[in-house]
1. Here are some residues: 10, 39. Which one is among the small types (Gly, Ala, Ser) and buried (at least 18 other Cβ atoms within 10 Å of the Cβ)?
2. If I go through region 1-28 residue by residue, how many of them are modelled with pLDDT under 90 and acidic (Asp, Glu)?
3. In region 30-65, which residue that is part of a helix (DSSP H, G or I) and small (Gly, Ala, Ser) is nearest to residue 97 (Cα to Cα)?
4. Return a yes/no flag: does region 19-29 have any residue that is within 11 Å of the chain's Cα centre (by Cα) and surrounded by fewer than 16 Cβ atoms within 10 Å (Cβ to Cβ).
5. Say we look at region 53-63 and pick out the residues that are touching a residue at least 24 places away in the same chain (Cβ under 8 Å) and more than 9 Å from the chain's Cα centre (by Cα); which of these is surrounded by the most Cβ atoms within 10 Å (Cβ to Cβ)?
6. Taking region 66-96, which residues are in contact (Cβ under 8 Å) with a residue 24 or more places away in the chain and assigned to a loop (DSSP other than H, G, I, E, B)?
7. Can you work out which of the residues in region 18-39 that are in contact with a Phe, Trp or Tyr (Cβ under 8 Å, 6 or more places away or on another chain) and among the aliphatic types (A, V, I, L, M) is farthest from residue 67 (Cα to Cα)?
Amino acid sequence: MADKKETKHSPELRAFIKGHSYLWWWVPEEKKENLSLDSVVEAILNYGNLDEIKQLFNLIGIAKAAEIFYRKTSGFRTNYFPLVKHFFKLYFDRHVQGNTHQRTN
């Protein structure tokens, strides 16, 4: 899940990743700050608590988190748990301004 190219994150996001490094136990410690933002969003939405999710939204913005979420859940295969995927689809549909992924029946 780590990008092959070097990823530049803000110091705050690097500190957030370091504080939650156990979520990427298979990634060598020195490579964790180069995790893709997709990996960070996925791990926090799947495994984070409410405070961690709020902190992520404050760091990257809810619209960016929603953009990543929709991109990563639009295909057949996804790493999001079914209940997490359902919850955040409803959440982002309701709370992201200018959302183009509105529910269709």
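The values are calculated or read from the model by the stated rules, or taken from the named source; none is laboratory data. Computed from a predicted structure; not experimentally measured. FYI the Cβ positions are ideal-geometry reconstructions off the backbone, even for glycines, and counts take in every protein chain you see.
1. 39
2. Adding up the residues that qualify gives 2.
3. That would be 63.
4. no
5. Among those that are touching a residue at least 24 places away in the same chain (Cβ under 8 Å) and more than 9 Å from the chain's Cα centre (by Cα), it is 60.
6. Correct list: 79, 80, 81, 96.
7. Selected residue: 23.
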